[in-house]
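Written out below as C-alpha cells is the structure these notes cover.
The values are calculated or read from the model by the stated rules, or taken from the named source; none is laboratory data. Being a predicted model, the structure only gives us computed values, none of them experimental. Using ideal geometry, Cβ is built from the backbone for each residue, glycine included, and neighbour counts are taken over all protein chains shown.
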Amino acid sequence: MDRFFAENYALTTGLTINTTGGKLEYKDGVTMEIGGETIEDLTDVTYRLKYIEVPFGLKLLTNEFNRSRYYGQFGLYGQFNIKTNDGNGKSMNKEVNFFDMGYHLGGGMEYSLGGDTYLLVGLLYNNGFLDVTSNNEINDNTHLNRLVIQFGIVF
C-alpha cells in the first residue's frame, strides 16, 4: 500500500509471507534440538524458515513521461517467524529467533495501462540486521538477505 503525502512521495507498507532458508556448515560439530530430540556433532544444518513481514518505507516517484514513471524505495522491515524446520519437516523453533529486522532498498518502473492503472515491475534488496539463530552455545552470526522481484498492478 502506498499512502501519498505529496504528488511524488509516498509512505509504503504491506504484508508479505516469506519462505526462505539455507544451509549452514560448522567446522566443529554443534548440538541442536531438532524435532524435540537433542542431536550432537552436527556439521551441516539445513534451515527452512517462514516469516510474516511488515515493511515500512518511503517511495519517491518521478513524473510520468512516455507512459512510464520510475521510483526508488527504501525503508525498514520487521518479520515474525511462523514456521521453522530442517527441510525434513522436523521443527527447529528453539534454534531460530522469533523476530528479525532489516532494511530494504530498491527501485523500479510503473507503466501506464490507461487512466490510473499501472503495471509495476521492480527489484528490492533486503538485508537483515539481527542474527536469526538463537543457539547461544554456537558462536555464529547469521543474517538473512535476499533480492525481491516486485510485479503487480497499481490501481
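Of all residues in segment 18-41, those satisfying the criterion of being within 17 Å of residue 132 (Cβ to Cβ) and free of Cβ contacts under 8 Å to residues at least 40 places away in the same chain are 19, 22, 23, 25.
Within segment 61-70, can one find any residue that is in contact with a Leu (Cβ under 7 Å, 6 or more places away or on another chain), in a strand (DSSP E or B) and at pLDDT below 95?
No, because not a single residue in segment 61-70 is in contact with a Leu (Cβ under 7 Å, 6 or more places away or on another chain), in a strand (DSSP E or B) and at pLDDT below 95.
Restricting the first member to segment 100-119 and to residues that are within 25 Å of residue 21 (Cα to Cα) and aromatic (Phe, Trp, Tyr), and the second to residues that are assigned to a strand (DSSP E or B) and modelled with pLDDT of 95 or more, the beta-carbon pairs closer than 8 Å and six or more apart or on different chains are 103/74; 103/75; 103/76; 103/77; 103/126; 103/127. Select from segment 83-99 the residues that are without any contact (Cβ under 8 Å) to a residue 60 or more places away in the chain and outside any loop (DSSP other than H, G, I, E, B) and write down the one among them that is farthest from residue 126 (Cα to Cα). Once the filter is applied, the top-ranked residue is 91. Against the condition under 17 Å from residue 16 (Cα atoms) and acidic (Asp, Glu), how does residue 95 come out, does it pass? It is false that residue 95 is under 17 Å from residue 16 (Cα atoms) and acidic (Asp, Glu).
Go through segment 88-137 and count every residue that is among the charged types (D, E, K, R) and within 18 Å of residue 69 (Cα to Cα). If you could, list the steps in order and put the result at the bottom.
Of all residues in segment 88-137, those among the charged types (D, E, K, R) come to 90, 94-95, 100, 110, 116, 131, 137.
Checking which are within 18 Å of residue 69 (Cα to Cα) leaves us with 110, 116.
The total comes to 2.
Filtering segment 28-42 to residues that are part of a strand (DSSP E or B) and within 28 Å of the chain's Cα centre (by Cα) leaves 30, 31, 32, 33, 34, 42. Only one entry of 18, 81, 85, 63 meets the criterion of being more than 19 Å from residue 137 (Cβ to Cβ), surrounded by fewer than 16 Cβ atoms within 10 Å (Cβ to Cβ) and touching a strand residue (DSSP E or B) at 6+ places or on another chain (Cβ under 7 Å), and that entry is 63. If you check residue 6 against the conditions, is it small (Gly, Ala, Ser), out of contact with any Gly (no Cβ under 7 Å at 6 or more places or on another chain), within 27 Å of residue 103 (Cβ to Cβ) and surrounded by 13 or more Cβ atoms within 10 Å (Cβ to Cβ)? No, not satisfied.
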